[in-house]
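The values are calculated or read from the model by the stated rules, or taken from the named source; none is laboratory data. Note that this is a predicted model, so its numbers are computed, not measured. Just the protein is used for accessible areas: all its heavy atoms, side chains included, with ligands, DNA and RNA removed. Shrake-Rupley method; radii C 1.70, N 1.55, O 1.52, S 1.80 Å.
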Amino acid sequence: MSTPYQDAGRSGQKRRTFEALVAAAREAVAAGEAPTVDSTAAAAGVARSTAYRYFPSQRELLAAAHPETARQSLLPADAPGDPAARLDAVVLEFTQLIVNTEAQQRTMLRLSLERNQTGSALPLRQGRAIAWIQEALNPLRGRFSAQEIRALALAVRSAIGIEALVWLTDIGGLSRVEAMASMRWSAQALLQQALDSGPPPAAQVPARPKITS
């Protein structure tokens, strides 16, 4: 991701400053901390006034520091056409990403939950995983509507990710390898259920009417 300030002139130097700030923030998150713009600027050796030009608030900083930010797709270049194989490839890559960045993911999850309790959610749940899963399920278009594919993607997402990893390892007592295998199995089971019996019930629920003033 980039910022409006970063995109205007002297892009090379600004990119290096941006990357230094993000690296410092990610290092703090990996240590279980909640970095502020001030603390990140100090750690990166960047002036506070400059740091705020990139990240006006902690919210933007934490969004940039999230491990998943830069990924656009999880499919391999030679992605198969079979939806089950495509989904497994995405889930495998996604769960490996979660395990590889587990410390950061756990901190982000904790911070997100804490902020939700105060009514100010961090912008960390931006649906990237949903888009990756939907891309894997693209071969089902024609059989399922876009709404039905999204409902299936939501069901799959609910069974994978840092939330599932925390439960399977901390509560279920599985190893990381076993947890990854369980999440892959769950994703395939959900896909097969959809193919056999139709998409999840969420696809049948009409959208709430918008309230206009």
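Rolling a 1.4 Å probe over the heavy atoms of the protein chains gives the stretch 73-116 an accessible area of 43 Å² per residue.
Heavy-atom accessible area per residue, the stretch 149-200, 1.4 Å probe: how many Å²?
Details: 2500 Å² over 52 residues.
Dividing the accessible area of the stretch 149-200 by its residue count gives 48 Å².
Backbone geometry of the stretch 133-150 corresponds, through the Karplus equation with coefficients 6.51, -1.76 and 1.60 at θ = phi - 60°, to 3J(HN,Hα) couplings of 5, 4, 4, 5, 8, 3, x, 7, 5, x, 8, 10, 6, 4, 5, 5, 5, 5 Hz, x marking Gly and Pro.
For Glu19, the accessible surface of its heavy atoms amounts to roughly 100 Å² (probe 1.4 Å, protein chains only, rounded to the nearest 10).
For the stretch 31-94, with all protein chains in place and a probe radius of 1.4 Å, 51% of the accessible heavy-atom surface sits on carbon or sulfur.
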